[in-house]
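Trainee: Please see the structure below; I have some questions.
The values are calculated or read from the model by the stated rules, or taken from the named source; none is laboratory data. Worth saying up front: this structure is predicted, and the values here are computed from it rather than measured. Cβ placement follows ideal geometry from the backbone for every residue including glycine, while neighbour counts extend to all protein chains displayed. Please note that ligands, DNA and RNA were not included when accessible areas were found on the heavy atoms of the full protein model with its side chains. Shrake-Rupley method; radii C 1.70, N 1.55, O 1.52, S 1.80 Å.
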Amino acid sequence: MKRALATTMAVLTAATTLAACGGNSGSTAGGAAGTATAEAAGAAPTTVTVAVSENILTLDPLDQNCVPGAAVMDMVFDALVEDNHDGTFSPRLAESWEVSEDGLTYTFHLRDGVTASNGEPVNADDVVTTYQRLIDDPGLVCAANYWGDLESVEKVDDLTVNINLTTPNGACLQGVGSAWIIPDEAWNEYGESLFTDQIMIGSGPWAFDEWIDGQYVHLTKKDSYWNPEWNSAYNEVYIRFVTEASTAISGQLSGDVDAYLPTSGISPDMLGLYTGSENRCELITVDTSTIDYLGFNCNEGSPFADINVRKAFSMSIDRQTIVDTILGGGLVPVGVCNSESMGYDETLTAEGYTYDPESAKALLDASAYNGEPIEISCTSAFQRIALAVSDYANQIGFNSTVSIVESATLADIRATGEYDAFIVTAMLSGSDPYQFLSFRVQSDAHHSGYVNEELNNYISEGNTASDPAVRDEAYKKANAIIAEECAPMVSLAQLQNIMSVNYGITGIKLFSDGFWNLTYIDYAPSLVKA
């Protein structure tokens with residue numbers, strides 16, 4: 001597995017400084033007192049404000065479905081392990097763990113002496129309560145995404161717990177890292193009111209204060225945390241929901257915002273707003289494992305049932321021009337597994353990913369395609385890419401058009417297979433293709449009609465093996481088949497995220513799978529530029 005950002009991400013995850021505008025002066029989001037006076041007097045700021053591009057939808061730690069929501073939960077609660085979002089995991093509430101030989105039982109050994117914000121000791125009872133809830137409520141996002149194979153959870157002793165699976169799951173620890181532990185006594189007392197009434201009792205380093213829907217989340221530093229090496233200079237964190245990019249950037253330039261972390265990065269056409277602030281704001285580019293891809297309807301009767309039609313369509317696309325002129329940056333992929341994900345093979349070549357209009361036209365002429373209309377469906381966010389793809393295809397003889405639809409409509413037609421082709425984005429969570437390949441390829445959730453048993457066998461092997469090297473090799477083989485068959489999708493671009501963070505801020509983690517983390521945010525005045 002290749003990690004193009006291995007060095008950079010190691011620095012970030014070690015909490016080495018990320019930088020940006022002016023050392024947090026004047027953070028005032030949601031009524032927070034500004035810090036300009038303190039900075040002018042030479043004191044370090046005690047409040048930091050981070051602008052993000054989307055609102056969170058719930059405070060339930062097991063029902064998070066957006067990047068900011070996951071970041072907030074990771075500050076308030078602890079999971080058993082820390083997900084490093086690169087296929088590796090570090091101890092958190094669990095000091096160590098082991099997996100049974102058959103891959104069905106994970107045994108976790110908990111830290112002693114950990115307490116939640118209400119003083120309740122954190123032990124195996126809390127883990128049992130949390131994972132039993134995942135079993136009892138499979139509709140929770142965490143349960144649906146990671147725990148379809150969770151059979152039971154059992155307390156061995158106060159500091160030891162077993163998690164039992166029905167089938168081996170090579171990505172199990174990714175689910176463990178997203179299952180934030182709920183204190184059992186608090187859950188028994190309050191139930192879901194813990195979240196709906198914003199009580200929010202957890203063992204993480206930050207105490208929850210309030211969530212104003214559509215505006216901000218406010219957190220305060222706890223007096224004590226089980227990790228004595230962590231002690232942030234900040235006493236307060238405000239996470240502001242700012243959907244308009246120009247507003248967020250203006251807030252950063254004026255000093256009201258200290259970092260801007262939009263979920264899909266700062267759009268290249270907005271970067272000019274930072275001109276003149278180079279000594280105050282650092283723009284950080286992260287190669288991600290997120291892809292834009294083109295999905296095909298391969299069912300009988302569809303033009304894309306013919307591999308030559310799929311290859312011709314894919315080979316007509318100038319991906320480099322799309323990356324350079326429409327996306328303003330990114331990487332040209334070969335397959336869905338890319339340079340930041342497990343299953344990437346830097347030696348892989350595939351005919352269908354070569355931009356070759358003449359060869360594409362020859363393939364199309366030799367196929368059964370006879371000018372049938374092809375509609376490319378997408379939301380307005382992909383309009384420019386879709387129009388470019390359609391134009392490239394039409395230049396070699398296709399009859400394609402673009403249909404702009406609402407997100408709900410796109411979801412409906414993908415769920416029924418009532419489409420010719422569509423364009424969407426997919427995040428490979430944890431830089432692991434497990435969910436993507438299982439859901440969108442093996443289970444054919446979007447009813448493409450493409451079936452390849454050899455491909456499915458490789459996906460199953462990657463999904464169930466506990467050895468990362470075995471998983472990586474299986475996914476490489478799966479990726480190669482998808483690339484060669486141009487089915488059920490072809491990748492159009494591997495995306496980059498651009499973020500901006502104030503000089504002096506340390507401890508923000510930016511991950512290659514598009515997630516970010518503020519749990520260990522800190523401040524180093526020596527890193528502020530004059």
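Trainee: Over the chain, give the accessible area per residue in Å² for a 1.4 Å probe, as an integer. Walk me through the numbers before you get to the answer.
Mentor: Values: 20290 Å² over 530 residues.
Heavy-atom accessible area per residue stands at 38 Å².
Trainee: Where the centroid of each part is defined by its Cα atoms, how far is segment 478-530 from segment 218-257 in Å?
Mentor: Each part's Cα centre sits 19 Å from the other's.
Trainee: Taking loop as defined by DSSP and a crowding limit of 15 other beta carbons within 10 Å, which GluC sites (Glu not before Pro) in segment 193-302 fit? List each step's numbers first, then the result.
Mentor: Numbers: sites: 210, 229, 236, 244, 278, 282, 300; in loops: 229, 244, 278, 300.
Here the GluC sites (Glu not before Pro) that fit, given the DSSP loop and packing criteria, are 229, 244, 278, 300.
Trainee: Using a ≥ b ≥ c from the Cα gyration tensor of segment 101-255 (square roots of the eigenvalues), is it rounded, prolate or oblate, where a/c under 1.5 gives rounded and otherwise the larger of a/b and b/c decides, a/b for prolate? Can you show the working numbers first?
Mentor: Values: a/c = 2.02, a/b = 1.59, b/c = 1.27.
Judged from the Cα gyration tensor, segment 101-255 comes out prolate (a/c at least 1.5, a/b above b/c).
Trainee: At what distance in nm do the modelled label points of residue 320 and residue 220 sit from each other, each positioned 7 Å from its Cα along Cα→Cβ?
Mentor: 5.7 nm
Trainee: Additional query: Can you match Rg/Rh (Cα atoms, Kirkwood Rh) to one of these, (1) 0.99; (2) 1.32; (3) 0.96, based on a calculation from the structure here?
Mentor: Of the labelled values, this structure produces (1).
Trainee: Please sort by residue number the GluC sites (Glu not before Pro) in segment 339-407 whose DSSP state is loop and whose Cβ has at most 11 other Cβ atoms within 10 Å.
Mentor: Numbers: sites: 340, 346, 351, 358, 375, 406; in loops: 340, 346, 406.
Within segment 339-407, the qualifying GluC sites (Glu not before Pro) (loop, at most 11 other Cβ atoms within 10 Å) are 346, 406.
Trainee: Could you check how much of the accessible area of the chain is carbon and sulfur, as a whole percent, using a 1.4 Å probe?
Mentor: Details: 9460 of 20290 Å².
Reported share for carbon and sulfur atoms: 47 percent.
Trainee: How big is the shadow of the Cα convex hull of segment 88-168, averaged over all directions, in nm²? Working shown, then result.
Mentor: Details: hull surface 23.6 nm².
Mean orientational projected area (segment 88-168, Cα hull): 5.9 nm².
Trainee: Oh, and also: Under a no-solvent Debye model with one identical scatterer per Cα of segment 237-381, what's log10 I(q)/I(0) at q = 0.16 Å⁻¹?
Mentor: Rounded to two decimals, the profile gives -0.98.
Trainee: Using only Cα atoms, find the angle between the long axis of helix 357-366 and the longest principal axis of the chain, and express it within 0 to 90 degrees, rounded to the nearest 10.
Mentor: 60 degrees
Trainee: Taking the chain as the reference, fit the longest principal axis to its C-alpha atoms, fit the long axis of helix 453-464 to the helix C-alpha atoms, and give the angle between the two in degrees, 0 to 90, nearest 10.
Mentor: Helix 453-464 and the main axis of the chain meet at about 10 degrees.
Trainee: Between segment 324-379 and segment 398-434, what is the C-alpha centre distance in whole Å?
Mentor: If we compute the Cα centre of each part, the gap is 16 Å.
Trainee: Restricting attention to segment 56-138, which GluC sites (Glu not before Pro) occupy a DSSP loop and are surrounded by at most 11 other Cβ atoms within 10 Å?
Mentor: Working: sites: 82, 95, 98, 101; in loops: 101.
Sparse-neighbourhood loop GluC sites (Glu not before Pro): 101.
Trainee: Cβ under 12 Å from residue 227's Cβ, residue 227 left aside: what net charge do those residues give with Lys, Arg +1 and Asp, Glu -1?
Mentor: Values: positive: 92, 111, 222; negative: 78, 82, 95, 229.
For residues surrounding residue 227, the net value is -1.
Trainee: How many angstrom lie between the C-alpha centres of segment 122-157 and segment 39-118?
Mentor: 16 Å
Trainee: Find out how many positive minus negative residues lie around residue 493, taking Lys and Arg as positive, Asp and Glu as negative, among other residues whose Cβ is under 9 Å from that of residue 493.
Mentor: On the way: positive: 319; negative: 292.
Around residue 493, the charge tally is 0.
Trainee: Express in nm, to one decimal, how much length is gained between residue 213 and residue 149 on full extension, taking 0.36 nm for each residue of separation and deducting their alpha carbon distance. Provide the component values of the computation, followed by the final result.
Mentor: Details: separation 64, 0.36 × 64 = 23.04 nm, distance 3.38 nm.
Roughly 19.7 nm would be gained on extension.
Trainee: Okay, moving on. Cross-chain or 8 or more residues apart, Cα under 23 Å: how many lysine pairs in the chain fit that? Count them up, please.
Mentor: 9
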